[in-house]
1. Along the charge dipole of chain A, pointing to its positive end and built from +1/-1 on Cβ of Lys, Arg, Asp and Glu, which listed residue (A:A54, A:V124, A:A69) has its Cα farthest out?
2. Semi-axes of chain A's equivalent ellipsoid from the Cα gyration tensor, sqrt of 5 times each eigenvalue, largest first, rounded to whole Å?
3. Take every DSSP beta bridge whose two residues both sit in the stretch A:117-421, then give the antiparallel share in percent to the nearest 5.
4. Setting aside same-chain residues fewer than 8 positions from A:K73, which aspartates and glutamates have a Cα under 19 Å from its Cα?
5. Under a GNM of chain A (C-alpha, springs under 10 Å), which listed residue has the highest mean-square fluctuation: A:R241, A:R273, A:R376?
6. What's the ranking of A:211-224, A:136-149 by average number of surrounding C-beta atoms within 10 Å, highest first?
7. State, to one decimal in nm, how far the label point of A:T308 lies from the label point of A:I158, with both points 7 Å from Cα in the Cβ direction.
8. Per DSSP helix of 4 or more residues, -39500 (n - 2.57); summed, then divided by the residues of chain A. What does that give at 222 nm, rounded to the nearest 500?
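Laboratory data are not the source of any read-out in this text; all were calculated from the coordinates shown. Remember, predicted model here, so these are calculated numbers, not experimental data. With ideal geometry, Cβ positions are generated from the backbone for all residues, glycine too; neighbour counts draw on all protein chains shown.
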Amino acid sequence: MLDMNTIRTQPDRVRAAIVAKKAKADLDAVLAADEKWRKATTDAQKLQAEQNAANKDMGRLMKEDKPAAEKLKIAMKELSDRRKALEDEAKKLEADRDALLMYIPNIPHPDVPVGDEETHNKVVRSSGEPKKYPFKPLAHWDLGPKLNITEFERAAKISGSGFVMFRGLGAKLQRALVAWFIDTHVKEHGYTEIYPPVLVLRDAMVGTGQLPKFEEEMYKLRDEELYLIPTAEVPVTNMYRDEILTAEMLPMRHCAFSQCFRREAGAAGKDTRGMIRVHQFDKVEMVNWTHPDKSYEEHENLTRAAETLLERLGLPWRRVFIATAGMGFSNSKQYDLEVHAPGVDRWLEVSSCSNFEDYQARRANIRFRDKDGKVRFVHTLNGSGLALPRIVIGILENFQEADGSVVIPEVLRPFMGVDRFVPEKK
RNA sequence: GGAUGGUUGGCGGAGAUGGAUUAACGCACCUGUCUCGAAAACAGGAGCCCUCCAAGAGGGGGACGAAGGUUCGAAUCCUUCACCAUCCUCCA
């Protein structure tokens with residue numbers, strides 16, 4: 001969430017951000033609620049001060065002058081009741097304000113193009129062109145069965161629609177990608193590998209902002225207050241929740257493989273074929289914590305780390321600088337990485353790299369002590385590095401050959417033990 | 001699943017019987033003295049959140065896992081919940 005102080009002192013900046021992000025947020029209501037809350041709070045505090053002063057004498061009076069104490073008690077009872085009423089009111093007003101505050105998005109960085117996605121997203125970097133074929137390239141949902149590496153129908157039999165299953169070399173490819181992604185981040189990009197739990201407490205989901213806003217997107221256990229994570233961002237970011245880090249710990253770079261679970265309730269009927277959009281998928285996520293002065297530099301590093309993987313896989317990709325209206329709610333700058341998939345003939349988002357500045361840190365209460373001993377919020381960033389099913393799509397569709405086989409990228413061959421997927425002879 | 005104990009500031013850790021606990025004490029931290037400098041010792045000081053303001057190293061309020069309750073007054077008593085630990089049971 002945003003700092004209430006920023007909202008009070010720079011309402012115009014916040015208003016501009018709401019408009020640019022096309023957020024449904026009522027700034028005036030927040031300011032009004034805040035005003036009312038402060039009034040009630042100061043009133044209650046004045047009474048509390050009065051009561052504290054009187055209570056100082058009470059202990060003594062109880063021993064020395066019982067009747068006087070009893071008299072004071074009656075007066076204090078009345079004061080106390082008034083104070084409590086005011087406090088209740090203040091508490092309610094604060095809750096109202098904070099509820100509204102949750103809908104105020106983060107302020108985009110000045111460099112972010114202002115406008116709609118379609119017209120103002122900017123491709124700022126790319127490598128490779130969409131591939132041209134002398135034959136009609138197949139979509140992954142046709143390639144998978146031909147190579148006998150996927151089990152779409154059987155996955156649906158077991159788990160319903162929206163689930164994938166891999167067999168043989170297809171299954172092995174998942175492990176190969178995960179291992180290679182993580183090894184590269186650890187060896188070359190300075191990341192520490194984390195293996196997180198995929199079931200988390202409600203507090204963790206609130207800490208990173210999935211709840212309460214996206215309740216219907218999350219899988220939840222029936223008998224316990226535990227949720228299946230939609231991304232490793234949740235457990236990893238929450239590792240340092242409510243902690244005060246030392247300046248020397250920054251920057252911290254963690255990466256984690258996890259399975260991710262999403263109900264996709266709002267996307268029902270979208271991308272139903274294949275594995276572009278599924279309820280369970282594998283992803284390696286990068287999460288960084290930095291000094292506030294370094295986060296934009298780190299944002300470039302993080303994005304480069306993901307791009308390096310795409311480059312070495314040999315996939316045609318591009319980096320898209322997302323315009324204000326297309327940005328996430330809580331980030332200040334966002335790059336999406338997209339891979340071209342010739343079979344479905346679309347650019348697929350395989351990574352989204354964001355700087356959240358202190359928006360997330362404030363909510364999750366992640367702070368550090370700077371050189372002067374002052375406690376400040378860190379900046380947090382995260383990005384996929386990378387999301388598997390869409391990378392698998394990219395590999396299958398980009399590296400298919402006329403004979404129906406698919407060439408395995410060189411970097412994965414040490415893990416795979418073979419250099420191509422070959423169609424099964426029926 | 002059963003039983004017991006626990007949750008206090010950056011860390012450790014006091015705090016039966018509610019009112020001098022103003023959250024002690026130690027470590028770490030900062031400033032002085034000492035020193036060429038440092039360490040040690042000694043003397044001071046400081047933390048976090050909110051708010052008011054004549055804006056000053058100023059005033060007030062709050063925080064002892066969370067939320068309620070009792071009371072003139074709650075870290076301390078009561079209720080509910082969460083989490084942690086240990087033992088038992090079960091289990092890959």
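1. About the Cα centre, the residue reaching furthest to the positive side is A:A69.
2. Working: eigenvalues 550, 101, 84 Å².
In descending order the semi-axes read 52, 23, 21 Å.
3. On the way: 49 of 56 bridges.
Among the beta bridges of the stretch A:117-421, antiparallel pairing accounts for roughly 90 percent.
4. Candidates past the 8-residue exclusion: A:E50, A:D57, A:E64, A:D65, A:D81.
5. A:R273
6. Values: A:211-224: 12.4, A:136-149: 19.0.
My ranking of the peptides, most packed first, is A:136-149, A:211-224.
7. 3.5 nm
8. Details: 14 runs with 182 residues, N = 426.
Helices in chain A give a 222 nm mean residue ellipticity of -13500 deg cm²/dmol.
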